[in-house]
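Student: First the structure, which I've put down as structure tokens, then a few questions once you've had a look.
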Amino acid sequence: MKLTLKIWRQKNCKDKGAFATYVVDNVDPEMSMLECLDVLNESLIERGELPVAFEHDCREGICGSCGFMINGVAHGPERATTVCQLTMRHFKDGDELVLEPWRALAFPLIKDLVVDRSAFDHIIEAGGYISVSTGNAQDGNTLLIGKETADQAMDAAACIGCGACVAACPNASAALFTGAKIAHLGTLPQGKPERDRRALSMVAQMNAEAFGNCTNIGECTGACPKEIPLEVIARMNRDYLLASCKKREDVPTTITPGFELSAKR
Amino acid sequence: MSAATSAAEVSSQQNRIVTFWQSTNGKKVVMAVTGAMMFLFVIGHLLGNLQVFEGPEKINAYGHFLHSIGEVLWIVRGTLILAIVLHITATVQLGMRSWKARPIGYSRKEAINSSYASRTMYWSGPIVLAFIIFHLLQFTAGYIHPEASFVEGDVYHNLVSGFQVWWVSAWYIFAIILLGFHLRHGIWSMFQSVGLAHPRHTKTLKGAALLIATLIVLGYISIPISILLGLVK
Ligand code: HEM
Ligand code: SF4
Ligand code: FES
């Protein structure tokens, strides 16, 4: 297979960056998108050029490291698939693929296709802990949890923090990610004691970061490799609304984000 | 309880309200509640207007009735104006935020999982606003009545005379269709925003939103269309 790759090349966050076009003519249809980039990088190194930087770790769709736009779609054309799991047989011989990094003020570019997703880490950090007793493991089934509840929590817990939702959202909002994290802990009995504080703190941090505002458009769910449902956003809104109505002594504090919205566009 | 603690409690409550409004989620709740108020008005207004099909006496009597309840009418109007102001304030602030959140756009971006209506809320909203202003000046105040005559209190005459001008009707129909688009996404979105969504109900809710928006559009545009066709004269 022969493919033309139009890839965003940018040395660092100060550099202006531009697309560079590469022709890769020994693409095996069973390769993954990342393996295709590996092949390209080998040839770039042989030619003495700088390889294309991209993030990856597990290469089996579970770590959330990888991700970029392929022809205007986050993680490419296959639904529920990360770029590391996307095989090249989904493309046709002679296709041109445009590879672009996630674009959001909250995700500053580091190099080529790599962006800094610390903003997500801040939101996770704001979520804090759940209270479980240490010591011996509890007997199985001591806490009975309904199937539907377990399913909902499990669906939300599938989020791997890749950032595709922010990248795909026309508003660059992090509502799906934050919603998934709030829903997966809040639906289970183990997460109930800190439910209010968690919703207030994680939402406060999400809003402190340079993300846009959710308008319930739904592009995030479409791009999400784990198909996190849009209803987790409603869950976040409900938990936040209810927690806001209650009286509390402590005010959630936020971590100062790397990039602030007040910065000139 | 001493005076000092109650003062502190008041201020903590104020703080909570301020924090709530400052969060994007809080503003969305305000948008949803104000949107729901406007939505209810849109339905009530439609039911009132459809009386035009029952002849001049009926709708003129309805107009007189609305004016006769004086204070109540002004309370409703005041509430709606407040709702519009809050809805738009939140819209503008949230829109600015989102616009700033992606300073460098994509060279290529495909929509794969969203309705046209949801992506154009920032177009349908302001156009509907422009329409509401024109509409109030035309039929409520009688301040502008292009190519038509306005008789204070004769609702039936004003409607027929106003809508016989084809481009006034065309603009009305266009704006109502955009309102339909706004509501097709809005009716579902407001449930999301206040947190009343569940995977089991999403399909029904979205279907209902589309159906209600379509009925509202058909109901409203039936009036200028009937007048243009001479069915109501
Ligand atoms: C009859 C008038 C109107 C009705 C019934 C209405 C109703 C609604 C509803 C129900 C929503 C969904 C709220 C949510 O998701 O929580 C909404 C959203 C929105 N409205 Fe309106 N609206 C009206 C007028 C306007 C006007 C005049 C503007 C603009 C100037 C506007 C701009 C918007 C925008 C941009 C959104 C999407 C923002 C978001 O979801 O965050 N609307 N509207
Ligand atoms: S919600 Fe989906 S798209 Fe967003 S970070 Fe989690 S896994 Fe990625
Ligand atoms: S490399 Fe781990 S999810 Fe793709």
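The values are calculated or read from the model by the stated rules, or taken from the named source; none is laboratory data. Keep in mind it's a predicted model, so treat the numbers as computed, not measured. We place every Cβ from the backbone using ideal geometry, glycine too, and count neighbours over all the protein chains shown. When the accessible area is computed, the model is the full protein with side chains, heavy atoms only, and any ligands, DNA or RNA have been set aside. Shrake-Rupley method; radii C 1.70, N 1.55, O 1.52, S 1.80 Å.
Student: So in the stretch A:153-165, with the set limited to residues that are more than 9 Å from chain B (Cβ to nearest Cβ) and assigned to a helix (DSSP H, G or I), which one is farthest from residue A:71 (Cα to Cα)?
Tutor: Once the filter is applied, the top-ranked residue is A:153.
Student: Further, regarding this structure: Can you work out which of the residues in the stretch A:68-90 that are within 15 Å of ligand 2 (Cβ to nearest atom), open to solvent by less than 30 Å² (accessible area, probe 1.4 Å) and within 14 Å of chain B (Cβ to nearest Cβ) is nearest to residue A:115 (Cα to Cα)?
Tutor: The residue in question is A:68.
Student: Between a residue in the stretch B:161-184 that is farther than 22 Å from residue B:41 by Cα and any residue that is open to solvent by 40 Å² or more (accessible area, probe 1.4 Å) and among the hydroxyl-bearing types (Ser, Thr, Tyr), which pairs come within a Cβ distance under 7 Å, given they are 6 or more apart or on different chains?
Tutor: B:161/B:149
Student: Okay, next question. Taking residue A:216 as the residue in question, decide whether it is open to solvent by less than 10 Å² (accessible area, probe 1.4 Å) and either touching a helix residue (DSSP H, G or I) at 6+ places or on another chain (Cβ under 8 Å) or within 16 Å of ligand 1 (Cβ to nearest atom) (or both).
Tutor: For residue A:216, the condition - open to solvent by less than 10 Å² (accessible area, probe 1.4 Å) and either touching a helix residue (DSSP H, G or I) at 6+ places or on another chain (Cβ under 8 Å) or within 16 Å of ligand 1 (Cβ to nearest atom) (or both) - is met.
Student: Only one of (1) under 17 Å from the mean Cα position of the chain (by Cα); (2) open to solvent by less than 20 Å² (accessible area, probe 1.4 Å); (3) within 16 Å of ligand 2 (Cβ to nearest atom); (4) at the interface with another protein chain (Cβ under 7 Å from one of its Cβ atoms) fails for residue A:210. Which number is that?
Tutor: The single condition residue A:210 does not satisfy is (3).
Student: Looking at the stretch B:100-117, is at least one residue closer than 19 Å to residue B:32 by Cβ, under 17 Å from the mean Cα position of the chain (by Cα) and surrounded by 15 or more Cβ atoms within 10 Å (Cβ to Cβ)?
Tutor: yes
Student: In the stretch B:35-52, how many residues are buried (at least 18 other Cβ atoms within 10 Å of the Cβ), small (Gly, Ala, Ser) and under 17 Å from residue B:77 (Cβ atoms)?
Tutor: Looking only at that region, the number is 0.
Student: Next question. For residue A:126, all conditions in the list (1) under 20 Å from residue A:41 (Cα atoms); (2) open to solvent by 10 Å² or more (accessible area, probe 1.4 Å); (3) not charged (D, E, K, R) hold save one; what is the number of the exception?
Tutor: Status for residue A:126: all satisfied but (1).
Student: So, one more: How many residues, within the stretch A:179-200, are open to solvent by less than 50 Å² (accessible area, probe 1.4 Å), more than 26 Å from residue A:218 (Cα to Cα) and not in a helix (DSSP H, G or I)?
Tutor: 1
Student: In this structure, is residue A:50 more than 16 Å from ligand 2 (Cβ to nearest atom), among the aliphatic types (A, V, I, L, M) and part of a loop (DSSP other than H, G, I, E, B)?
Tutor: On the way: more than 16 Å from ligand 2 (Cβ to nearest atom): yes; among the aliphatic types (A, V, I, L, M): yes; part of a loop (DSSP other than H, G, I, E, B): yes.
Yes; evaluated as a whole, the condition is true for this residue.
Student: Here is a check on your reading of the model: is residue A:172 within 14 Å of another protein chain (Cβ to nearest Cβ), within 29 Å of residue A:58 (Cα to Cα) and open to solvent by less than 60 Å² (accessible area, probe 1.4 Å)?
Tutor: yes
Student: Look through A:139, A:151, A:93 and report the one residue that is assigned by TED's automatic domain parsing to the domain that holds residue A:54, over 17 Å from the mean Cα position of the chain (by Cα) and open to solvent by 30 Å² or more (accessible area, probe 1.4 Å).
Tutor: A:93
Student: If you don't mind, there's one more thing I want to ask. May I ask you to list the residues in the stretch A:213-248 that are within 16 Å of ligand 3 (Cβ to nearest atom) and either within 7 Å of another protein chain (Cβ to nearest Cβ) or assigned to a helix (DSSP H, G or I) (or both)?
Tutor: As a first pass, look at the stretch A:213-248 and keep what is within 16 Å of ligand 3 (Cβ to nearest atom): A:223-228.
Listed by number, the list holds a single entry, A:223.
Student: Could you please give the count of residues in the stretch A:180-222 that are farther than 17 Å from residue A:106 by Cα and in contact with a Lys or Arg (Cβ under 9 Å, 6 or more places away or on another chain)? Break it down into steps so the answer makes sense when it comes.
Tutor: Within the stretch A:180-222, the first condition is being farther than 17 Å from residue A:106 by Cα, and the residues that meet it are A:180-201, A:215-219, A:221-222.
Adding the requirement that they be in contact with a Lys or Arg (Cβ under 9 Å, 6 or more places away or on another chain) leaves A:180-183, A:185-187, A:191, A:196-200, A:215-217, A:219, A:222.
The total comes to 18.
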